[in-house]
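Right, one structure below, let's go through it.
The values are calculated or read from the model by the stated rules, or taken from the named source; none is laboratory data. Since this is a predicted model, take the numbers as computed values, not measurements. As a convention, Cβ positions derive from the backbone with ideal geometry for all residues, glycine included, and neighbour counts pool all protein chains shown.
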Amino acid sequence: MEETLDSSSLERIISKTENLGWKKGKISLEVNQESSVQSKFLLVGKILSKKSFSRVVVKDIVSKAWNLMMEVEVSVLDRNVFLFSFNHEADVKRAWDRRPWSIKGEHLILKKFRADLSFNEVDFSTTVFWVQVHGLPPNRQSKENIFKIQGPT
């Protein structure tokens, strides 16, 4: 059942909500330079799956698959969204350069963390795939044909 408000009730609600706002105007926040340096050691990943994955499972799998020099920390940001914190730049590069990855058969989209974005602003709408083309005759194997097969990016 829908409830109707009389004009005095509506005005009271409006008056109360107007007092909730920020009165001081816009403020300018300083950029933390350390966060930009630290973000070089972070990747954000999203597992494309209807199944939910725990931090422990993801950490166990990536620790073995990525074969890193130092331990990686895994934090849960959202359902199937994880922050990977590395201790060495070479480990970040290794995980990034050897994409794509999967977790128990489900695709893991990895993105470089940007210090100027919040975690929920990371765009997971694109990803990297390896494609094998079987039966392509040798005289059709050229860079030009690879780009034709690939299509626009």
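Here are the numbers for the structure shown:
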quantity: Residues within segment 128-147 that are surrounded by 10 or more Cβ atoms within 10 Å (Cβ to Cβ) and either among the charged types (D, E, K, R) or within 23 Å of Asp97 (Cβ to Cβ) (or both), tallied; calculated: 5
quantity: Residues of segment 133-153 satisfying the condition of being outside any helix (DSSP H, G or I), at pLDDT 85 or above and not β-branched (Val, Ile, Thr); calculated: His134, Gly135, Leu136, Pro137, Gln141, Ser142
quantity: Test: Ser125 is assigned to a strand (DSSP E or B), loosely packed, with under 14 Cβ neighbours inside 10 Å, at pLDDT 90 or above and not charged (D, E, K, R); calculated: no
quantity: Residue, farthest from the chain's Cα centre (by Cα), within segment 42-65, restricted to residues that are in a helix (DSSP H, G or I) and crowded, with 17+ Cβ neighbours inside 10 Å; calculated: Ile61
quantity: Single residue of Glu11, Glu30 found to be acidic (Asp, Glu), out of contact with any Lys or Arg (no Cβ under 9 Å at 6 or more places or on another chain) and assigned to a loop (DSSP other than H, G, I, E, B); calculated: Glu30
quantity: Per-region count, segment 79-105, residues at pLDDT below 95 and surrounded by fewer than 13 Cβ atoms within 10 Å (Cβ to Cβ); calculated: 1
quantity: Tabulated pairs, segment 87-109, first free of Cβ contacts under 8 Å to residues at least 12 places away in the same chain and under 15 Å from Phe129 (Cβ atoms), second aliphatic (A, V, I, L, M) and outside any helix (DSSP H, G or I), C-beta under 8 angstrom, 6+ apart or interchain; calculated: Ser102/Leu108
quantity: Every residue from segment 73-116 that is more than 15 Å from the chain's Cα centre (by Cα) and assigned to a helix (DSSP H, G or I); calculated: Glu89, Ala90, Asp91, Lys93, Arg94, Asp97
